[in-house]
Amino acid sequence: MSFAAERELFEREVDAHYAQYPTDLSEVERALHAFCAEHRELTPYQQKAHGYGVLAARCPITVFRHFPFYFEFDTGRPRTSLGEGGIDQWFKSEPFGAQLTADACAWWQFSGESGLCHAWPVLDDNHHSIGNDNVFRGGLHGLIRQAEARMETANDEERDFLLSAIAGLRAQIAVAGRFADQAERLLKDEEDPVIQQRLQRIAESARRCPAEPPSTFFEALNTLLFMREVTQGLEGNGNSVLGHLDRILWPYYQRDLAAGRLTRMEAKDLLCFAMALFDTRFGMREKRNHCGTNTTVVIGGCDATGAPIFNEITRMIAEYYLEHSYVDPKLNARVSAEHPREYLELLAKLTAAGCNSLAIFNDDVIIPANAKMGKAVEDCRLYVGGGCQENLLENTEINSRATIYLNLGQVLLMGFFPERWATFTEREGIKVATFDGCATFDECYDAFLRNLLMVHDAHVDQRNRTEREGVRFNPCALHSATISDCIENAKDMMAGGARYSAGSVALTGIGTVVDSLYAIREMVYVERAVTISDFAAMLERNFAGDEAFRARLLRLPKFGQEDPAIYDFSGKVFADVARVTSGKPNTRGGRYEASLFSFRSFTSQGNCTGATPDGRPAGEFLSPGMSPSPLALGGECSIGQVLNGLAPVDLTDYPVVAVLDLKLPASPSGYPPEVVTPVIKRFIDCGGSVMQINVVDPAALLDAKAHPEQYPDLIVRISGYSAYFTTLPDFVQDEVIARSLATV
């Protein structure tokens with residue numbers, strides 16, 4: 001039976017199942033905590049190893065009649081949760097973890113309340129990826145054999161980690177066995193021959209995979225799904241990446257097709273089922289859930305040798321998004337100058353059709369950017385977008401990409417109003433460099449960079465204080481076993497066992513800051529229209545009574561506009577900000593890398609940020625990602641100008657991500673590929689990093705807000721995620737509408 005024919009039955013069955021969530025597993029959680037209380041002599045690895053076995057045996061599993069894969073593994077989380085709330089988080093709520101979290105929250109409180117920063121308190125326990133190629137190479141039994149061989153030369157601490165990893169891998173195999181048992185039980189009473197065949201395949205495959213390497217397209221796709229979901233269910237970490245599908249699945253598809261085991265339609269149906277699960281499972285059409293499932297799939301790009309990827313799997317995935325009105329998974333499409341025009345036209349077709357779940361990644365920038373950080377180019381070629389657009393290297397990297405959001409606008413204002421942040425700066429021993437008394441713009445600019453360095457490093461120091469306790473907070477031997485070098489090093493990924501262990505602070509509002517610094521230079525030091533003290537006074541009163549001067553500020557060139565003066569200035573600011581926020585060591589043997597990823601912080605942090613020298617009033621949005629500010633977009637600023645504005649900016653300085661937001665007005669007749677393809681091509685040629693394009697009609701958005709029942713399938717891109725517009729809260733809908741009215 002095809003996906004199209006069975007879609008309604010699938011959605012109804014899955015929706016009915018998840019409507020009963022959350023499952024009460026409090027008794028299981030109490031048993032886990034009781035065990036640890038009774039065995040305080042055990043190490044965290046030994047306690048976690050016990051937990052793997054308990055969860056594998058006692059968490060409910062479900063095999064659906066109208067879903068072809070073995071799934072679900074229920075850890076008691078709410079339906080709309082991205083991982084929080086289930087008993088998979090049990091170890092983090094042990095006394096040490098609970099106290100660590102409480103202490104960290106107290107440190108971050110002022111930063112959050114002042115709008116200076118928003119952060120997860122302890123560490124990044126999301127935005128990760130399974131080492132899929134390592135799993136596919138030898139199956140979980142192969143990883144167990146590697147760990148057992150490594151134990152021959154291990155010391156006691158290393159053996160502790162390795163034994164925990166083996167326990168976790170065996171627990172996963174046990175979960176697969178439970179799925180096989182369940183399918184066989186259901187098979188006894190099943191009368192539908194199509195469902196019988198499906199259950200038989202589940203039973204046979206679950207006995208083999210992921211214990212052994214997949215041998216068919218079905219087993220490969222199911223292994224990707226199983227490893228992502230069950231690993232995070234046993235581990236308590238979030239794995240945001242489903243996988244680089246057209247790279248990983250292509251050889252299995254070719255073999256099955258040649259052997260007559262699979263048709264193109266059957267392969268496409270399996271892909272549709274796998275991806276449609278996320279919208280239905282998380283209730284994405286319900287108003288209570290609008291933040292996405294944090295799941296990404298990756299297409300395009302290249303393999304480890306650098307050979308471009310564009311094949312029939314790529315086309316099938318694109319067809320899924322063109323044919324079905326689903327939000328998730330988010331589609332991250334890697335592009336390069338080496339890709340055929342047909343691939344760019346396919347992405348253009350998706351964009352023009354209003355597939356606002358799409359983000360485009362430029363291999364020609366992101367691969368060299370990561371290689372500049374000392375990573376092997378073969379590993380860099382296998383990057384994926386984890387969570388939203390923040391990239392990581394599949395198989396080899398554990399990072400901290402999107403858990404500290406630093407407000408560059410507030411750091412700039414610190415030079416004007418140091419007293420606003422005295423609680424924070426005095427606590428951290430920061431001597432703020434003020435703008436008052438700066439005789440030249442260079443002195444003023446250097447003061448901003450010094451403040452940025454000190455504030456950035458203070459936040460990193462706090463993250464390092466908690467992150468170094470990662471193994472005590474939540475040892476992850478199971479997940480680590482799939483990541484390159486963790487078994488060889490006999491060390492947890494949370495302790496630096498992975499080949500690469502980067503971190504980053506996501507910087508919010510760089511476009512606003514570029515424009516503000518330029519305004520300070522022009523108004524105070526070039527035209528000498530005001531003193532720096534006068535400027536501070538106008539900002540303090542939010543330009544009240546200074547409307548004429550604010551009008552002059554708005555007329556100044558802005559980043560993203562066609563003006564040679566702002567070009568070179570922008571390039572310098574971007575380079576210096578990257579230099580200042582790169583290189584700080586983390587606790588896992590890696591270093592912090594520059595990032596221009598703001599999720600939705602450009603709105604929330606903008607709400608608490610005072611007036612800025614670019615003419616932006618207090619409380620207005622900051623610029624998102626690496627994009628121009630709303631002030632620039634409201635002026636003479638076309639898509640071509642924005643892309644041309646990238647020319648002086650070297651985005652290989654930002655290996656994590658630098659997201660550019662663009663908007664195309666919706667067209668009643670749609671856009672032919674030849675209209676959008678040049679935009680994608682120009683983005684590559686201009687050295688962009690990541691681009692997301694919203695195709696929206698402001699009139700339709702306004703009407704959808706008034707008559708939501710008429711727009712059930714209207715999808716919009718928010719920041720790093722997409723959503724059905726009618727499910728969004730009023731304030732988010734208003735923000736999307738406001739952005740849609742801007743020029744770009």
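The numbers here are math on the coordinates, done by the rules we state, and not lab data. Everything numeric in this text was worked out from a predicted model, so none of it was measured. Positions of Cβ are generated from backbone atoms using ideal geometry, with glycine treated the same way; all protein chains shown enter the neighbour counts.
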- Message: I want to verify the translational diffusion coefficient of the chain in µm²/s; compute it with Stokes-Einstein, Rh as the Kirkwood radius over Cα pairs, at 20 °C and 1.002 mPa s.
- Response: 80
- Hey, got the Cα dimensions of segment 99-175 along the principal axes, in Å, largest first? 52, 29, 22
- Indicate the gyration tensor shape class of segment 1-126 (rounded, prolate or oblate), computed on the Cα atoms with a ≥ b ≥ c the square roots of the eigenvalues: a/c under 1.5 is rounded; otherwise a/b larger than b/c is prolate and the rest oblate. oblate
- Task: Take the alpha-carbon positions of segment 463-575, form their convex hull, and give its projected area averaged over all directions (one quarter of the hull surface) in nm².
- Result: 11.6
- Total charge dipole magnitude, the chain, about the Cα centre, Cβ charges on Lys, Arg, Asp, Glu only, Debye to nearest 20: 360
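Let's test the formula: R0 of 25 Å, r as the Cβ-Cβ distance of residue 65 and residue 23. What FRET efficiency results, to the nearest 0.05? Intermediate results must be reported in sequence, preceding the final value.
Values: r = 20 Å, r/R0 = 0.79.
The calculated FRET efficiency here is 0.80.
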- Message: Ignoring everything except DSSP H segments at least 4 long, calculate the 222 nm mean residue ellipticity for the chain; use -39,500 (n - 2.57) per segment, divide by total residues, nearest 500.
- Response: -15500 deg cm²/dmol
- Item | Point-to-point label distance, residue 576-residue 181, nm (Cα→Cβ direction, 7 Å offset) | 6.5
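In debye, nearest 20, what is the charge dipole magnitude of segment 180-270 about its Cα centre with +1 on Lys and Arg Cβ and -1 on Asp and Glu Cβ, if you could check? Mind showing how you got there, number by number?
Numbers: 12 positive and 15 negative charges, 72 e Å.
Taking the Cα centre of segment 180-270 as origin, the dipole is about 340 debye.
With the alpha-carbon atoms as the only input, what is the per residue convex hull volume for segment 156-253 in Å³?
Working: hull volume 11.8 nm³, N = 98.
Dividing the Cα hull volume of segment 156-253 by its residue count gives 120 Å³.
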- Message: Using 0.36 nm times the number of residues separating residue 540 and residue 98, minus their current alpha carbon distance, what extension gain do you get?
- Response: 155.1 nm
- Task: Using +1 at the Cβ of each Lys and Arg and -1 at the Cβ of each Asp and Glu in the chain, identify which of 80, 529, 220 lies farthest towards the dipole's positive end.
- Result: 220
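Mean separation of Cα pairs under 8 Å and 6+ residues apart, divided by the residue count of segment 393-450: what relative contact order is that in percent? All intermediate terms of the calculation are to be shown ahead of the outcome.
On the way: 29 pairs, mean separation 17.1, N = 58.
Relative contact order, segment 393-450: 30 percent.
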- Message: Please compare each pair in 375/663; 330/375; 92/584; 268/349 to a cut-off of 30 Å on the Cα-Cα distance and tell me which ones are over it.
- Response: 375/663
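Just order 148-154, 495-501, 3-9 by mean Cβ neighbour count inside 10 Å, highest at the front, would you? Intermediate results must be reported in sequence, preceding the final value.
Values: 148-154: 12.9, 495-501: 23.4, 3-9: 14.9.
Peptide ranking by packing, descending: 495-501, 3-9, 148-154.
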- Using Cα atoms only, what is the angle between the long axis of helix 564-580 and the major principal axis of the chain, expressed in degrees (0 to 90) to the nearest 10? 50
- Specify the angular offset, from 0 to 90 degrees and rounded to the nearest 10, of the alpha carbon long axis of helix 193-208 from the longest principal axis of the alpha carbons in the chain. 80
- Task: Work out the FRET efficiency for residue 527 and residue 324 from their Cβ-Cβ distance, taking R0 = 56 Å, and round it to the nearest 0.05.
- Result: 0.50
- For the chain the mean separation of alpha carbon contacts under 8 Å (6+ apart) over residue count, i.e. relative contact order in percent, is 15
- Tell me the label-point distance for the pair residue 644, residue 702, using the 7 Å Cα-to-Cβ offset, in nm and rounded to one decimal. 3.1
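Charges only on Cβ, +1 for Lys and Arg, -1 for Asp and Glu: so what's the dipole of segment 1-94 about the Cα centre, in debye to the nearest 20? All intermediate terms of the calculation are to be shown ahead of the outcome.
On the way: 10 positive and 15 negative charges, 30 e Å.
The calculation lands at about 140 debye.
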- Task: Express in nm, to one decimal, how much length is gained between residue 154 and residue 188 on full extension, taking 0.36 nm for each residue of separation and deducting their alpha carbon distance.
- Result: 7.5 nm
- 19 Å cut-off, amide nitrogen to a point 7 angstrom out along residue 428 Cα→Cβ, residues in segment 85-120: 103-120
- Between the helical axis of 156-189 and the dominant principal axis of the chain, each derived from Cα atoms, what acute angle in degrees is found, rounded to the nearest 10? 60
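Taking 2.2 N^0.38 Å as the expected size of a compact globular protein, what ratio does the Cα radius of gyration of segment 268-403 give against it, to two decimals? It would help to have the intermediate numbers written out before the result.
On the way: Rg = 15.3 Å, N = 136, 2.2 N^0.38 = 14.2 Å.
Dividing the Cα Rg of segment 268-403 by 2.2 N^0.38 Å gives 1.08.
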- Item | segment 297-389, relative contact order in percent, only Cα pairs under 8 angstrom and at least six apart counted | 36
- Query: Which FRET efficiency value, to the nearest 0.05, do you get for residue 465 and residue 618 by plugging their Cβ-Cβ distance into 1/(1 + (r/R0)^6) with R0 = 51 Å?
  - Reply: 0.95
- Message: Along the charge dipole of the chain, pointing to its positive end and built from +1/-1 on Cβ of Lys, Arg, Asp and Glu, which listed residue (414, 44, 3) has its Cα farthest out?
- Response: 44
- Under the Karplus relation 6.51 cos²θ - 1.76 cosθ + 1.60, θ = phi - 60°, what is the ordered set of whole-Hz ³J(HN,Hα) values for segment 301-308, x standing for Gly and Pro? x, 8, 8, 5, 7, x, 6, x
- Query: Which Cα, out of 352, 505, 238, lies furthest along the positive dipole direction of the chain (beta carbon charges, K/R +1, D/E -1)?
  - Reply: 238
